[in-house]
Amino acid sequence: MKTALDTSDKSLTLTSLLTDFKEITKAGLAISVVFSSIVGYLLGVSEEFPFSWLTFVLLGIGGYCMVGASNVFNQIIEKDLDALMDRTKNRPLPSGRTSKQNAFILGVVLTLTGLAILYSINPKTAMFGAISIFLYTSVYTPLKTITPLSVFVGAFPGAIPFMLGWVAATNNFGIEAGTLFLIQFFWQFPHFWAIGWFLYKDYEKAGFFMLPTGKQDKKTALQTILYTIWLIVASLLPVLGFTGDLKLSYIAAVIVFLLGLWMLYFAVKLYREMDEKAARKLMLVSVSYISLLQLVYVIDKFLR
C-alpha cells in the first residue's frame with residue numbers, strides 16, 4: 001500500500017534529481033547562452049528568412065542540450081579539482097550525489113539530442129554546435145591547469161552562440177555572423193578575467209590559470225581595459241555599414257557606445273583599486289552589458 005511517506009520520498013527524489021540536473025548542466029549559464037542564440041536568430045530573420053516558431057523552439061532546446069552537455073563533460077574532467085574549491089565542492093559529482101558513469105551517459109544523451117535538433121534546423125548550425133562542444137571540453141577544459149591561454153581558447157566556443165542564431169535563421173556564415181562572433185569573442189576576456197581575479201584564491205587551490213599574467217597585477221588589469229576597448233569597437237561595427245545585413249542605427253550606436261563606456265569605467269576601476277570587490281563588480285556589469293547590448297540590437301532592428 002502506498003503511504004504518504006512513499007509519496008514524499010518520491011517527490012523529494014524528483015526534486016533532488018531536478019536540482020542536480022540544473023547544477024550539472026549549469027542551468028543559469030545555459031539559459032544565458034541560449035538567450036544569446038535567440039537574439040542572434042531574431043537578428044537574422046527577414047523577409048528572405050522569415051521567423052519560424054518551430055526553429056525558435058528547436059534552437060532553444062538544442063542550444064540548451066549542447067551547453068548542458070559541455071558543462072557535464074567539463075565537470076566530469078574536473079571532478080577531483082572541483083572537490084578542492086569552496087565554490088564547486090558541493091556540485092553533484094565531487095559531492096558524490098552523481099556518479100561519473102551517470103554523468104557521462106547524460107552528457108552523451110544531451111550531445112546527441114542537441115546535435116540532432118540543431119541538424120534539423122540546418123547542417124551548419126549543428127556543425128558549429130559540435131565545434132563548440134569539442135573546443136570547450138577537449139581543448140579549453142584541459143588547458144585551464146596548464147596555461148592562461150585557456151581563456152583565449154575558451155573564447156572561441158564562448159563566442160559561437162551569438163552567431164549560431166544568425167546561422168540558424170539564414171543557413172549562412174558571412175560577415176554578419178562573423179561580426180556577432182567578434183563581439184562576444186572580445187567580451188569573454190574582461191568577463192572571465194574579472195571572475196579569475198575575485199576567485200583567484202579558490203582557483204589557485206585547483207591549479208587553474210585564468211589571469212593573463214597568472215597574477216592579480218597591473219598588467220592583467222591593463223589587458224582587461226584594452227580588451228574592453230576592442231569590445232566597444234567591435235560592437236559599433238554594424239553602424240559603419242559594411243557588415244552586410246547586420247545594421248545599427250546612429251541612435252542605437254550611441255546607446256551601445258554608452259554601454260561600452262559603462263563597462264570600461266569598471267575595467268578602469270579595477271586597474272585603480274586592484275581588489276576583489278572591483279573585479280566582482282566588473283563581472284556583474286559585464287553580464288548586464290552583453291544582455292543589454294543584445295536587446296538594443298534586436299529592438300533597433302525591429303524599430304528601423
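The values are calculated or read from the model by the stated rules, or taken from the named source; none is laboratory data. Since the model is a prediction, treat every value here as computed from it, not as a measurement. Cβ atoms come from the backbone with ideal geometry, glycine included; neighbour counts cover every protein chain shown. Side chains included, ligands, DNA and RNA excluded: accessible areas come from the protein's heavy atoms. Shrake-Rupley method; radii C 1.70, N 1.55, O 1.52, S 1.80 Å.
Of all the criteria given as (1) surrounded by fewer than 19 Cβ atoms within 10 Å (Cβ to Cβ); (2) at negative phi, the one not satisfied by Ala252 is (1).
Select from the range 185-211 the residues that are within 19 Å of Lys281 (Cα to Cα), touching a residue at least 12 places away in the same chain (Cβ under 8 Å) and not hydrophobic (A, V, I, L, M, F, W, C) and list them in ascending order. Residues satisfying the conditions are Gln188, Pro190, His191, Gly196, Tyr200, Asp202, Tyr203. Only one of the numbered conditions (1) part of a helix (DSSP H, G or I); (2) modelled with pLDDT of 95 or more; (3) over 14 Å from the mean Cα position of the chain (by Cα) is violated by Val34, and that is (3). Among the residues of the range 274-286, not a single one is touching a helix residue (DSSP H, G or I) at 6+ places or on another chain (Cβ under 9 Å), open to solvent by 20 Å² or more (accessible area, probe 1.4 Å) and either closer than 18 Å to Ile38 by Cβ or not assigned by the TED database to the domain that holds Val239 (or both).
Look at Phe173 and say whether it is within 27 Å of Val57 (Cα to Cα), assigned to a loop (DSSP other than H, G, I, E, B) and aromatic (Phe, Trp, Tyr). When the stated conditions are applied, Phe173 passes them. The residue of the range 136-164 that is nearest to Ala69 (Cα to Cα), among those that are crowded, with 21+ Cβ neighbours inside 10 Å and aromatic (Phe, Trp, Tyr), is Tyr136. Tallying residues that are crowded, with 17+ Cβ neighbours inside 10 Å and among the hydroxyl-bearing types (Ser, Thr, Tyr) within the range 232-249 yields 2. Among the residues of this structure, Leu5 counts as one that is modelled with pLDDT under 95 and over 15 Å from the mean Cα position of the chain (by Cα). Ile175 passes every criterion in (1) touching a residue at least 40 places away in the same chain (Cβ under 8 Å); (2) under 17 Å from Tyr41 (Cα atoms); (3) in contact with a Ser or Thr (Cβ under 6 Å, 6 or more places away or on another chain); (4) buried (at least 17 other Cβ atoms within 10 Å of the Cβ) apart from (4).
Does Tyr203 satisfy the criteria of being modelled with pLDDT under 95, farther than 27 Å from Phe49 by Cβ and of a type in the set (Ser, Thr, Tyr)? Judged against the criteria, Tyr203 is a match.
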